[in-house]
Amino acid sequence: MLVPRLMCTQHPDATVKITAAEEVDEAIVAYTAYGCDEVMVDYEGKMTPYAQPKEIVVKAVRGGVPLGSKFYVTVRLPNPKLEEFDRAMLSLEAAIVANYFSRKYADVQAVRWVVLPMVEDVDTVMLVRKMLRRKAEVYKSETGIDVGEIEVIPLMEDAFVQLKVKAVLGDVFRGEEVREVRVFLGKSDSAVKHGHLASALSIAYALSALTQFESETGVRVRPILGMGSPPFRGALNNPRLAHLEVVQYAGYHTATIQSAVRYDTSLDEYVKVKESILNACCAARHKVGEEVLHTIQQASTRYRQTLLKYVDKVVEVARLVPGTRDRVSWKEYGRSLADGDRVVNMPRAIVYTSTWYAMGFPPTLLDAPFVVELAKSDKLDDVLKVLPTYRKELEYDFEFFDPATAEKYLGGELVKAALEAADYLGLEARPSPTYLALLRMPRSEPNIIAMGKYRKFLG
């Protein structure tokens, strides 16, 4: 069995609306047109029909897609600690049912993995593993069909959890004889919580730590990188940056292929992204030392101090960002940020990212005050050694930065810090006349979509 390299996802980061009913055909097209060997059916905060994995299986079998050998269906379930317990269990049932039909009609196992998001402790991972095994036993005993073993992929979406990736994997697989495991490192939610710099450094550190884990345990780790098109969300899907990001985050095995790179770019641009990802796959990981841990803590603290000044404006503008998948509203299932005794309900990563672009201030620039501090203390070069693509990311984002628009929404303090950071890095704001005209129009859903189409991603 070959572990997949390209994971097609259902992220709402494109400007194109895709309904849940269209996602079955989309999954087949992911293989036939885009060369993805894995499709992730997503139930986290999303109103996906529980029959969808089965319907993908049936359509794949009828269409002659090599299910279970060159194409896999992977289910992302809700974390039962964060959403209703029954939704998590129904998602597991959907994975088992998909295997029941793939065994029955094609004698293959379509689902070999489920993804558990927002992992912060081992207990939840072990609960999901136990439920999967019990469900599989019941199906075998009652139907005579062996639905196979399904493994859990822990998805770590917090910078400080990623820093403990060795310990988490060690606890999950302690006492078991395993030859290889998959682990999922997510950039987007970590960036919302801790900022671009801290989340990028934590993934670089985690990838390095996985090399140590392999040498200490003899277990091969196949990391999945969950990254989108904008730099804040990793830029691994960005046609202009992917060839750089794959070097910066060397050592991954699988990369997510999200919606924007399939719907908002040309096929030629997509092919460039795909080839960059595949050509650099499984390269040797960079060694990142523990000296970055203090920088990560500082960057996170400074980012959160900055963000808390603007949360009300973020929430206000976020209400205008349209949803392009059948997801639960972020007002019901979002991300929370503690502000003393107050807990602020924040948008999820894609809406959050789109909101900052809508204010003329790309969210990578929220680290500007910390970048200025690093530059003044002669420590910026140390960060750039770990993140050699960082300057190119900011150069890219400065095409969407308009100080006048940003000051209207955010005031002058943050804009001044961004311009000062730009001076240290030798950059300047340079939006095109077309994009500038869009930025200076009143905000509305059509206006935000138009800006997204220009950027080639919603968020």
*asked:* What are the membrane-span-like helices in the chain by this rule: whole DSSP H runs, Cα extent along the axis at least 24 Å, mean Kyte-Doolittle hydropathy at least -1.0?
replied: 85-106, 122-143, 196-217
_GluC sites (Glu not before Pro) restricted to segment 160-190 and DSSP loop, no more than 13 other C-beta within 10 Å_ = E176, E177
*Directionally averaged projected area (convex hull, Cα atoms, segment 380-450), nm²*: 5.5 nm²
_Per residue solvent-accessible surface (Å²) - the chain, probe of 1.4 Å_ = 39 Å²
_trypsin sites (Lys or Arg not before Pro) restricted to segment 392-438 and DSSP loop, no more than 14 other C-beta within 10 Å_ = none
*Taking segment 146-235 as the region of interest, what is the percent of Cα-Cα pairs per 5 angstrom bin, listed from the shortest bin to the one with the maximum distance?*
3, 14, 26, 22, 16, 10, 7, 3, 1, 0
*Considering the alpha-carbon set of segment 37-174 alone, what are its Rg and its Dmax in angstrom?*
15.0, 45
*asked:* Beyond a 32 Å Cα-Cα separation, which of these cross-linked pairs lie in this structure: K70/K272; K164/K274; K416/K456; K166/K456?
replied: K166/K456
*asked:* On a straight-distance basis, which aspartates and glutamates could pair with K104 in a cross-link, Cα separation under 13 angstrom, same-chain partners fewer than 8 positions away excluded?
replied: D146
_From the helices alone, meaning DSSP H stretches of at least four residues, give me the mean residue ellipticity at 222 nm for the chain, per-run term -39500 (n - 2.57), in deg cm²/dmol to the nearest 500._
-15000 deg cm²/dmol
*Given H placed on each backbone N at 1.01 Å, which residues far from R220 in sequence or on other chains put an amide H within less than 5 Å of it?*
E180, V181
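Of K193/K309; K408/K453; K313/K408, which sit over 18 Å apart, Cα to Cα?
Check vs 18 Å cut-off fails for K408/K453.
The values are calculated or read from the model by the stated rules, or taken from the named source; none is laboratory data. These figures come from a predicted structure and were not determined experimentally. Here the Cβ is made from the backbone with ideal geometry for all residues, glycine too, and neighbour counts use every protein chain on show. Ligands, DNA and RNA are stripped out before the accessible areas are found, and what is left, the full protein with its side chains, is counted by its heavy atoms. Shrake-Rupley method; radii C 1.70, N 1.55, O 1.52, S 1.80 Å.
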